[in-house]
Amino acid sequence: METPPPDPDDVPGWRRWIAPVAIGLGYGVLFRIGFALEMFEALFGVMTTAFVLVVPFAMGALTVLQVESEPGWASASFAPWAPTLLMLLAALLLAWEGLICVVVWLPAALVAATVGGLVGKLVRRPGRPTAPLAFAVAALPIVVAPVENQFPDPVQTRTVHDVIEIEADAAAVWREIREVPPIRPDELGGSLAYRLGFPRPIAAVLEGEGVGAVRRATFEGGVTFVERVTEWEEDEALAFTIDASAVPSTTFDQHVAVGGRYFDVLRGRYEIEPVAPGRVVLHLTSEQRLSTRFNAYTRLWTDRLMSDIQSTILEVVKARAEAG
């Protein structure tokens, strides 16, 4: 007497997802490798909506379509997180992406994977083969990417403004912003940007005075920003353009490199606002260029990280000015 095949519904829940998760993971890794190949650069690319959003969507849908028994809504929503998280972990461990890229991509990828999983549950039908649906879903990034790449990268200029109150006069604060002596690591604290791998500032050396003078701002990893002064009002305001062309290509992940295709810091400006005798408010404003196909999402992160960096710099100026 033959033993009947096991009923998929009798298999423990997590075991039913092993093969579907592996399929979703393999699909994601394959596309990460393929979209990064130079031979396909004109058609595809990692910094595209097709890869950043459509690939996790397809991973989620494929994962749900491949499970044998009908998944519940909760399983369809969260099971796709497993291949997505594993792919991001692989990208980090294999140095395909830096930590900052993985952290920025994570929320969008998880949401896209969940949407894909829910769509997968909605389109599957009991008793009908899922292979045609799976092939259609798997082909989505290949269809979307070439169409998307027919359009130029959108360009958006972002401005980030931070302030801090300092118990010191304008002259004391001016001395701390016009030129910055070496900064000790303990002065910087543990800001998010530095924990994610952004180089810590070291010093800013001034060459000359007045409009046209040059500040050379150095950071860890051999990074130097050449800042040319465009506004010089002693004890009041200091503004400058920022040139990141001298930044080594190995310092930043290519997708978040300052001065790269997708992001640049263009200008900076300090303004000292006296509010009472021996007390001022110091303003720090920066202007950035953002050129991704999903600026509406990435600007949330760039604004947050730039504000984090600026706030740290303001804290250093405050501590030094108040210490005399």
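Do we have any residue at all in the stretch 305-323 that's free of Cβ contacts under 8 Å to residues at least 24 places away in the same chain and part of a loop (DSSP other than H, G, I, E, B)?
Let us first name the residues in the stretch 305-323 that are free of Cβ contacts under 8 Å to residues at least 24 places away in the same chain, namely 323.
Still in the list and also part of a loop (DSSP other than H, G, I, E, B): 323.
Taking every residue of the stretch 305-323 in turn, at least one turns out to be free of Cβ contacts under 8 Å to residues at least 24 places away in the same chain and part of a loop (DSSP other than H, G, I, E, B).
For the stretch 175-192, indicate whether the set of residues that are modelled with pLDDT under 95, within 29 Å of the chain's Cα centre (by Cα), over 18 Å from Ala323 (Cβ atoms) and surrounded by 13 or more Cβ atoms within 10 Å (Cβ to Cβ) is non-empty.
Within the stretch 175-192 (the criterion being modelled with pLDDT under 95, within 29 Å of the chain's Cα centre (by Cα), over 18 Å from Ala323 (Cβ atoms) and surrounded by 13 or more Cβ atoms within 10 Å (Cβ to Cβ)), the answer is yes, since at least one residue qualifies.
Of the residues Thr230, Thr218, which single one is of a type in the set (Val, Ile, Thr), over 28 Å from the mean Cα position of the chain (by Cα) and assigned to a strand (DSSP E or B)?
Working: Thr218 fails: over 28 Å from the mean Cα position of the chain (by Cα).
Going through Thr230, Thr218 in turn, just one is of a type in the set (Val, Ile, Thr), over 28 Å from the mean Cα position of the chain (by Cα) and assigned to a strand (DSSP E or B): Thr230.
Would you call Glu97 closer than 30 Å to Arg195 by Cβ, at pLDDT below 90 and not aromatic (Phe, Trp, Tyr)? Break it down stepwise before answering.
Values: closer than 30 Å to Arg195 by Cβ: yes; at pLDDT below 90: yes; not aromatic (Phe, Trp, Tyr): yes.
Considered against the rule, which asks whether it is closer than 30 Å to Arg195 by Cβ, at pLDDT below 90 and not aromatic (Phe, Trp, Tyr), Glu97 comes out as yes.
Residues are listed down the side, and each one gets a yes or a no for (1) outside any loop (DSSP other than H, G, I, E, B); (2) within 21 Å of the chain's Cα centre (by Cα); (3) surrounded by 19 or more Cβ atoms within 10 Å (Cβ to Cβ); (4) not hydroxyl-bearing (Ser, Thr, Tyr):
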| residue | (1), (2), (3), (4) |
| --- | --- |
| Gly26 | yes, no, no, yes |
| Leu43 | no, no, no, yes |
| Met47 | no, yes, yes, yes |
| Phe51 | yes, yes, yes, yes |
| Gly60 | yes, no, yes, yes |
| Thr63 | yes, no, yes, no |
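Could you check Ala136 against (1) under 21 Å from Thr298 (Cβ atoms); (2) at pLDDT 90 or above and say which number it fails?
Condition (1) is where Ala136 drops out.
Among Thr218, Thr157, Thr224, which is the only one that is in contact (Cβ under 8 Å) with a residue 40 or more places away in the chain and closer than 25 Å to Gly259 by Cα? Don't jump to the end; show me each part of the working.
Working: Thr218 fails: in contact (Cβ under 8 Å) with a residue 40 or more places away in the chain; Thr224 fails: in contact (Cβ under 8 Å) with a residue 40 or more places away in the chain.
Exactly one of Thr218, Thr157, Thr224 is in contact (Cβ under 8 Å) with a residue 40 or more places away in the chain and closer than 25 Å to Gly259 by Cα, namely Thr157.
The values are calculated or read from the model by the stated rules, or taken from the named source; none is laboratory data. This one's a predicted model, so the numbers in the text were calculated from it and none came from an experiment. We place every Cβ from the backbone using ideal geometry, glycine too, and count neighbours over all the protein chains shown.
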